Amino acid sequence: KDKEIRFYTYISIPRWFCVLIPYEDKIGISKKISDFKEKKRLKKLARGIIPSNCGVIVRTASKDQPEDVLGADLKYLSKTWESVQEEVKKNSPPYLVYKDLSTTISVIRDLFTTDVSNIFISSKKLYKEIRSYVNTHQPELVDKINLYKSSIPIFEEFKIEEQIKGMMNRQVPLPSGGYLFIEHTEAMTVIDVNSGKYAAKKEQEQNSLKTDLEASREIARQLRLRDIGGLLVVDFIDLEEEKNRKKIYDELRKEFKKDRAKIAMLPMTDFGIMQITRQRIRENIMQSTHELCHCCNGTGLMQKKSNLINELDQWLKRYKNEGDGQSLRLIVHNSLGLKLRIGMFSTMKKLQLKYFIRIKLEEKNDVNPQSFRFINAKTDKEITNDYL
């Protein structure tokens, strides 16, 4: 499959606390920093440090950091940009003027925050590299980095493979016995919240509220894990009281603060429906790991054999009226072939007698079960599309 390649003149150089944006005259503060006074402090601080003809984005990790720390970060970025410009002047294209950190260190830089409890690394070399980088930039986090020494594979120990398999399922269990059902459509992703066995208990409103709160936390987690973007519609269990519907809205807002993608949402309607949009950052997990089934085109449904046989009948009728041959080869999947030849007076015999056409049936495993192919026995030419 061809991959789309895009080129931008929008240049940015990231580091732990800041992102330098050459040729841009703006100062942006991470939306995850909600404290107004802290935003104002960081903006004032950045304005006094950034070089001319440059802008800066102050990252979430900058919150509560002293001036000298942020100053050192911006000073490093400024020097990096100066060296890039020097390289451009000295060398003729094509020439690499700047290379970002390795993928591993970039992930650590972008995702390793105070919210992360621990990082386990099975490679000694990588462990030393990451520990050295974190020790230089955020030494207070270095103790969270651990070398994994067990003989049990790391993915098995932390049940990573099990969770990856779980991400492929449309049904996601909730602690109280309910579950989410996630369905992708062309226009949107639909999530249905079901109470399961939990619905049978008393105090329906409180039970529904508990299940919906659990669902809110799991929905926010699943959106991050599966990289689901675009329009989402969530059908929660109906809640009678307005204050309970607001609790669900507030819970989702709180959980979405952990998400790096931009998210907008509307309050829950009286019917328990909530509309959410999430920024598309990349292909979701299903798109990146799966491809459409060539048999059902992603619908999950197959035509009944009786419908296919009816199509065969109609094809032969048109061929009898318009064609000039009397002998054909019919190529079908084994499953359809069995349906055609089963019984003493099979469907295959009936079709041959009905249209006075000799048909040789060929069954193959590598043929689409939803299709059939007719070959002119004399010319050996496929004529299926000529009489559809």
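The values are calculated or read from the model by the stated rules, or taken from the named source; none is laboratory data. As the structure is a prediction and not an experimental result, all values here were calculated from the model. So basically every Cβ, Gly included, is an ideal-geometry build from the backbone, and we count neighbours across all protein chains shown. The area values use the complete protein model at the heavy-atom level, side chains included, leaving out ligands, DNA and RNA. Shrake-Rupley method; radii C 1.70, N 1.55, O 1.52, S 1.80 Å.
Taking every DSSP beta bridge with both residues inside the chain, roughly what % is antiparallel (nearest 5)? Spell out each step's value before the answer.
On the way: 30 of 47 bridges.
That works out to approximately 65 percent antiparallel.
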| query | How much of the accessible area of the range 1-127, probe 1.4 Å, is carbon plus sulfur, in whole percent? | reply | 53 percent
| message | Quick check: at a probe of 1.4 Å, how many percent of the accessible area of the range 168-287 sits on carbon and sulfur atoms? | response | 51 percent
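Kindly give the semi-axes, whole Å and largest first, of the ellipsoid equivalent to the chain, taking each as the square root of 5 times a Cα gyration tensor eigenvalue.
Details: eigenvalues 649, 205, 91 Å².
Equivalent ellipsoid semi-axes, largest first: 57, 32, 21 Å.
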| query | Along its principal axes, what span do the Cα atoms of the range 204-253 show, with the longest given first and each in whole Å? | reply | 32, 17, 16
| remark: Listed by chain and number, the lysines with an alpha carbon less than 22 angstrom from that of K39, same-chain partners under 8 positions apart left out, are K26, K31, K63, K75, K254, K257, K258, K262
| task | List the relative contact order of the range 16-147 as a percent without decimals, with contacts defined as Cα pairs under 8 Å and 6+ residues apart. | result | 23 percent
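Report relative contact order for the chain in percent, whole number only (criteria: Cα-Cα under 8 Å, sequence separation at least 6). Write out the running numbers ahead of the final one.
Working: 487 pairs, mean separation 31.8, N = 388.
Once normalised by length, the contact order is 8 percent.
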| Cβ crowding within 10 Å averaged over residues, with 25-38, 347-360 ranked highest first | 347-360, 25-38
| message | Of the candidates E218, E86, E283, which one comes out as most mobile in a Gaussian network treatment of the chain with C-alpha springs shorter than 10 Å? | response | E86
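Please work out the average accessible area per residue across the chain, using the 1.4 Å probe convention, and give it in Å².
Solvent-accessible surface per residue comes out at 65 Å².
Please give the direction-averaged projected area of the C-alpha convex hull for the range 174-301, in square nanometres with one decimal. Provide the component values of the computation, followed by the final result.
Numbers: hull surface 34.1 nm².
The number I arrive at for the range 174-301 is 8.5 nm².
What number in nm² do you get for the range 1-119 if you take the convex hull of its Cα atoms and divide its surface by four?
On the way: hull surface 40.1 nm².
Hull-based average projected area comes out at 10.0 nm².
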| note | Once the dipole of the chain is set up from charges on Cβ (+1 Lys and Arg, -1 Asp and Glu), the residue from the list L209, W16, I154 lying farthest towards its positive end is I154
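For the pair A261 and D313, what calculated FRET efficiency results from E = 1/(1 + (r/R0)^6), where r is the Cβ-Cβ distance and R0 = 56 Å, to the nearest 0.05?
Efficiency for this residue pair is about 0.60.
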| Cα centroid of the range 326-388 to Cα centroid of the range 161-177, whole Å | 44 Å
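If you take every DSSP beta bridge fully contained in the range 256-388, what fraction is antiparallel? Give it as a percent rounded to 5.
Details: 8 of 15 bridges.
Within the range 256-388, antiparallel bridges account for around 55 percent of the total.
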| task | Starting at the first residue of the range 166-181, write each ³J(HN,Hα) from the Karplus equation 6.51 cos²θ - 1.76 cosθ + 1.60 with θ = phi - 60°, in whole Hz, x for Gly and Pro. | result | x, 5, 7, 7, 7, 9, 10, x, 10, x, 8, x, x, 7, 9, 10
| task | Can you tell me the order of 104-110, 18-24 when each peptide is scored by its average per-residue count of other Cβ atoms within 10 angstrom, highest first? | result | 18-24, 104-110
| request: May I have the extent of the alpha carbons of the range 275-356 along their three principal axes, as whole Å values ordered from largest to smallest? | output: 61, 30, 25
